[in-house]
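Take a look at the structure below.
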């Protein structure tokens, strides 16, 4: 779901081609490379192509969150309808310089509240590597509960589920 809205400190809006410089940095951070994977983006042109692929996919929604005061993009929240998954996958990523300030929780919880209010989905997944302690901590804080570990493409992943029929 693409929407634009604000929280106390952040503006959350659909990703745009103008985010190319930000995306080129984000996808090459240590955390992204370790826990999400190399997207082979080496410059802004590669980032624009990556963003355009996202925009062209009617099942993928990436939203940039930026600091309201400076309009500096610092992270992403994602909502992905993957064919191989039973429920939509919620995710997030943020530049390391802005971690530990509550921004990821602020953006993620606000976006999840908008998704809940839309009443289009009763359950969401959050998928991460079992070694991604920071993400798991946030996933749990957002109300997701551990569901299972599963191997996908020779990689062990942890699945967390948010069930709105129990957590409204």
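Some values worked out for this structure:
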{"quantity": "Ranking of 62, 50, 2 by count of other Cβ atoms within 10 Å, fewest first", "calculated": "2, 50, 62"}
{"quantity": "Helical mean residue ellipticity (222 nm; -39500 (n - 2.57) per DSSP H run of 4+; nearest 500) of the chain", "calculated": "-9000 deg cm²/dmol"}
{"quantity": "R0 of 30 Å, Cβ-Cβ distance residue 152-residue 7: FRET efficiency to nearest 0.05", "calculated": "0.40"}
{"quantity": "Potential extension, residue 99-residue 164 segment - 0.36 nm per residue separation minus Cα distance", "calculated": "20.6 nm"}
{"quantity": "Taking the range 1-158 and dividing mean pair separation by its residue count, relative contact order in percent (alpha carbons under 8 Å, at least six apart)", "calculated": "18 percent"}
{"quantity": "Modelled FRET efficiency - R0 30 Å, residue 89 with residue 69, Cβ distances, 0.05 increments", "calculated": "0.45"}
{"quantity": "Taking 112, 33 and counting other C-beta atoms within 10 Å, the order from fewest to most", "calculated": "33, 112"}
{"quantity": "Overall Cα dimensions of the chain, principal axis frame, Å, largest first", "calculated": "40, 39, 32"}
{"quantity": "Percent of Cα pairs exceeding the 17 Å cut-off, where the set is the range 5-75", "calculated": "46 percent"}
{"quantity": "DSSP bridge pairs, the range 5-163: antiparallel proportion in percent, nearest 5", "calculated": "95 percent"}
{"quantity": "Residue-span extension gain [residue 123 to residue 28] - 0.36 nm each, minus C-alpha spacing", "calculated": "31.1 nm"}
{"quantity": "Proxy reagent accessibility, fewest Cβ within 10 Å first, across 60, 90", "calculated": "60, 90"}
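Any read-out appearing in this document is the output of simple, stated calculations on the displayed coordinates, not a laboratory observation. From a predicted model like this one, the values you see are computed outputs, not experimental measurements. Positions of Cβ are generated from backbone atoms using ideal geometry, with glycine treated the same way; all protein chains shown enter the neighbour counts.
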